Amino acid sequence: MIDDLYQEIILDHSKKPRNFGHLDASSAHAEGFNPLCGDRLTLEILLEGDVVKDARFVGAGCAISVASASLMTETLKGKTRAEAEKLFERFHQLLTNDAANADDLGKLAVFSGVREYPARVKCATLAWHTLKAALENSDEEVSTE
Amino acid sequence: MTTATKVFDVAAIRQDFPILHQEIHGHPLVYLDNAASAQKPRQVIDAISRFYQTDYSNIHRGVHALSERSTKRYEEARIKVQKFINAPSAREIIFVRGTTEAINMVAQTYGRKNIGRGDEILITALEHHSNIVPWQMLCEETGAKLRVIPVDDRGDVSNFDVHANTKLIAVAHISNVLGTVLPIREIVRRANGVPVLVDGAQAVPHMKVDVEALGCDFYCFSSHKLFGPTGLGVLYGKTALLEKMPPYQGGGDMIASVTFEKTTYNTLPFKFEAGTPDIAGVVGLGAAIDYVEQIGIENIEVYEAELLEYATRELSQVKGLRIVGTANHKAGVISFVLEGIHPHDVGTILDRQGIAVRTGHHCAQPLMDRFGVPATTRASLAFYNTKEEIDALVRGLAKVKEIFD
Ligand SMILES: Cc1ncc(COP(=O)(O)O)c(C=O)c1O
């Protein structure tokens, strides 16, 4: 059913994205682009040592990609780099693997409905791919800030 | 009511298209993605399958009966294409893989030979990527420049002047995003002798195309949008230009004689058809043209214009919906945005109601930028669509709005 995709939480976060805007100071940023649909977002993260202290994003996209970015930024805070990367892996599993479970994915579990819509997996993972790029960038950024 | 609309029996026509009679996610299929590709009538599917069962062999080289029959069918189809677009000669009809290959072929042969540093290629702001990128590649190679004729807020192409260094003008006949029908005769007149290439991918299935009357130098289209098979298209070019163009690919069939010292090229059109072509595809395209002619392209134009008017009126009444592309002369393509709802979400929710539309940038990113939208939802019509299907689309959009309310 279509309602399994557009669950309340997803609609809520797409209409009122959390952590939308720029950070005053950031340690890394990256831009994500989905050439297929023109969705674009910029993610900024603030790292303290190995821990993501803050994350914000700007951009435009479909409900799935905006909600995903919004929920991702909420979930990220306080996670270490390794934890964030692991989370992406689990999240990706959730979207593509019928056998995957949503245990300890918290609110991110609402995206399990995307599984039934293969064309939309990219929308849900755009923010996460961008995060990955930002985390990789951050290595170089350390010297400049 | 004109006689044209009277003879048009859409229910009977729909019976010719087996694919239309199915359910998608529990709803009857409403296929409104015809600008991406059109569905195939039984007549085309059967012609291809019959050809493989009775006549098939390679062409132009065998002395045996099957090769002769295949060659005959292949060349008959070329004549059908010639007559369909009113080209002066069948030698001017070259079979290629599609519109994309036709444009690339002109860029790589005509373009490389005749366009150089400091020259200018003129295109419009509403072109499909396939009528942008091949020219950009040529510019990169040769040092020529691309100039873009702007599009106004309605989707009409502005007037333009040619300069002494303008070497080619490449324009769409119909925009695949806005539906604008470009005034090709007027463009050819303004070109003042500069060769004009027309990307007719969206025009040939929906309106009478007469390349002689248009006066253009090259005309390109794809079989798959004309209810024919995929992987096949046509390049029409004026004899005088084609003869002076170097071949595109080398190989069998495109040569007159080969020695290791020197190869002489075959005559038109074979010079541009290296290798074994899509023989059955060409036969299928011939069947598609027969089918369209049996309905009558003029009847199709009248029916689709009526459907477009209905769809435009009905969609305009959907609150928060804005149609992108409101040119005076339009074909059955309706791009729109719904306030606050991304086209991707619209497309997914419509799909769950059996309605196939296209969402995204439609291979025209510069045009999306021009209109300040990242993407649109596009409903594109064919003669087998009905008013009831437009109603289904409107109901579908109500459901979209309900979910996002
Ligand atoms: C206006 C226009 N030009 C060119 C093309 C490319 O056609 P093909 O992919 O068949 O080569 C399309 C197809 O979408 C089109 O709409």
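Would you mind telling me which numbered condition in (1) outside any loop (DSSP other than H, G, I, E, B); (2) farther than 30 Å from B:Gly354 by Cα; (3) open to solvent by 30 Å² or more (accessible area, probe 1.4 Å) B:Arg61 fails?
(1)
Out of B:Ile94, B:Ile123, B:Ile103, which single residue is touching a Ser or Thr at 6+ places or on another chain (Cβ under 9 Å), within 16 Å of the ligand (Cβ to nearest atom) and more than 14 Å from chain A (Cβ to nearest Cβ)?
B:Ile103
Can you pull out every residue in segment B:12-56 that is within 16 Å of the ligand (Cβ to nearest atom) and either without any contact (Cβ under 8 Å) to a residue 12 or more places away in the chain or small (Gly, Ala, Ser) (or both)?
B:Ala35, B:Ala36, B:Ser37, B:Ala38
Of the residues that make up segment B:252-262, is at least one modelled with pLDDT under 95 and either on the phi > 0 side of the Ramachandran plot or open to solvent by less than 10 Å² (accessible area, probe 1.4 Å) (or both)? Working first, answer last.
Residues of segment B:252-262 modelled with pLDDT under 95: B:252-262.
This time we only want the ones that are either on the phi > 0 side of the Ramachandran plot or open to solvent by less than 10 Å² (accessible area, probe 1.4 Å) (or both), so: B:253-254.
Yes, because at least one residue in segment B:252-262 is modelled with pLDDT under 95 and either on the phi > 0 side of the Ramachandran plot or open to solvent by less than 10 Å² (accessible area, probe 1.4 Å) (or both).
Looking only at residues that are among the hydroxyl-bearing types (Ser, Thr, Tyr) and not in a helix (DSSP H, G or I) in segment B:79-125, which one is nearest to B:Leu197 (Cα to Cα)?
By that ranking, first place goes to B:Thr124.
In this structure, does B:Tyr265 turn out to be surrounded by fewer than 22 Cβ atoms within 10 Å (Cβ to Cβ) and of a type in the set (Phe, Trp, Tyr)?
Taking the combined requirement at face value, the residue satisfies it.
Would you check if there is a residue in segment B:298-311 being within 13 Å of another protein chain (Cβ to nearest Cβ), more than 25 Å from B:Val171 (Cβ to Cβ) and either aliphatic (A, V, I, L, M) or open to solvent by less than 20 Å² (accessible area, probe 1.4 Å) (or both)?
Among the residues of segment B:298-311, not one is within 13 Å of another protein chain (Cβ to nearest Cβ), more than 25 Å from B:Val171 (Cβ to Cβ) and either aliphatic (A, V, I, L, M) or open to solvent by less than 20 Å² (accessible area, probe 1.4 Å) (or both), which makes the answer no.
Is at least one residue of segment B:234-253 within 16 Å of the ligand (Cβ to nearest atom) and of a type outside the set (Phe, Trp, Tyr)?
Yes, that holds for at least one residue.
Restricting to segment B:262-288, name every residue that is within 18 Å of B:Ser70 (Cα to Cα) and part of a helix (DSSP H, G or I).
B:Phe270, B:Ile279, B:Ala280, B:Gly281, B:Val282, B:Val283, B:Gly284, B:Leu285, B:Gly286, B:Ala287, B:Ala288
Per-residue answers, yes or no, for (1) within 20 Å of B:Gly286 (Cβ to Cβ); (2) of a type in the set (Lys, Arg); (3) in the same structural domain as B:Ile174 (by TED's automatic domain parsing):
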| site | (1), (2), (3) |
| --- | --- |
| B:Val10 | no, no, no |
| B:Ile19 | no, no, no |
| B:His25 | no, no, no |
| B:Gln53 | yes, no, yes |
| B:Arg61 | no, yes, yes |
| B:Glu68 | yes, no, yes |
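Which residue pairs have Cβ atoms closer than 7 Å, lie 6 or more positions apart in sequence or on different chains, and pair a first residue in segment A:59-88 that is within 14 Å of chain B (Cβ to nearest Cβ) with a second residue that is assigned to a helix (DSSP H, G or I) and open to solvent by 20 Å² or more (accessible area, probe 1.4 Å)?
Short answer, once both residue conditions are applied: A:Cys62/B:His344; A:Ala63/A:Ser14; A:Val66/A:Ser14; A:Ala67/A:Ser14.
Determine, yes or no, whether A:Leu41 is within 13 Å of chain B (Cβ to nearest Cβ), assigned to a strand (DSSP E or B) and surrounded by 17 or more Cβ atoms within 10 Å (Cβ to Cβ). Give the steps one after another, and end with the answer.
Values: within 13 Å of chain B (Cβ to nearest Cβ): yes; assigned to a strand (DSSP E or B): yes; surrounded by 17 or more Cβ atoms within 10 Å (Cβ to Cβ): yes.
It is true that A:Leu41 is within 13 Å of chain B (Cβ to nearest Cβ), assigned to a strand (DSSP E or B) and surrounded by 17 or more Cβ atoms within 10 Å (Cβ to Cβ).
Just give me the residues in segment A:7-24 being within 14 Å of B:Gly340 (Cβ to Cβ) and touching a Phe, Trp or Tyr at 6+ places or on another chain (Cβ under 9 Å), in sequence order.
Correct list: A:Leu11, A:Ser14, A:Lys15, A:Pro17.
Which of the numbered conditions does A:Ala127 fail, given that it passes all the others? Conditions: (1) open to solvent by 70 Å² or more (accessible area, probe 1.4 Å); (2) at pLDDT 95 or above.
Of the numbered conditions (1) open to solvent by 70 Å² or more (accessible area, probe 1.4 Å); (2) at pLDDT 95 or above, the odd one out for A:Ala127 is (1).
Give me the residue from segment A:25-36 that is within 17 Å of the chain's Cα centre (by Cα) and within 11 Å of chain B (Cβ to nearest Cβ) and, out of that set, nearest to B:Pro343 (Cα to Cα).
Selected residue: A:Asn34.
Could you run through segment B:185-202 and say how many residues are under 20 Å from B:Ile300 (Cα atoms) and surrounded by fewer than 24 Cβ atoms within 10 Å (Cβ to Cβ)?
Final tally of qualifying residues: 0.
Need pairs with beta-carbon distance below 7 Å; first residue within 15 Å of B:Glu92 (Cα to Cα) and within segment B:267-286, second open to solvent by 10 Å² or more (accessible area, probe 1.4 Å) and β-branched (Val, Ile, Thr); sequence gap 6+ or separate chains.
Pairs found: B:Leu268/B:Thr239.
Scan segment A:63-101 for residues that are surrounded by fewer than 16 Cβ atoms within 10 Å (Cβ to Cβ) and either of a type in the set (A, V, I, L, M) or not in a helix (DSSP H, G or I) (or both) and jot them down.
A:Lys77, A:Gly78, A:Thr80, A:Ala82, A:Asn97, A:Asp98, A:Ala99, A:Asn101
Could you tell me whether any residue of segment B:226-239 is at pLDDT below 95, among the polar types (S, T, N, Q) and over 21 Å from B:Pro150 (Cβ atoms)?
No.
The values are calculated or read from the model by the stated rules, or taken from the named source; none is laboratory data. Source: prediction; values computed, not measured. In this analysis, Cβ positions are derived from the backbone assuming ideal geometry, glycine residues included, and neighbour counts consider all displayed protein chains. Areas reflect the complete protein model, heavy atoms only, side chains present, ligands, DNA and RNA absent. Shrake-Rupley method; radii C 1.70, N 1.55, O 1.52, S 1.80 Å.
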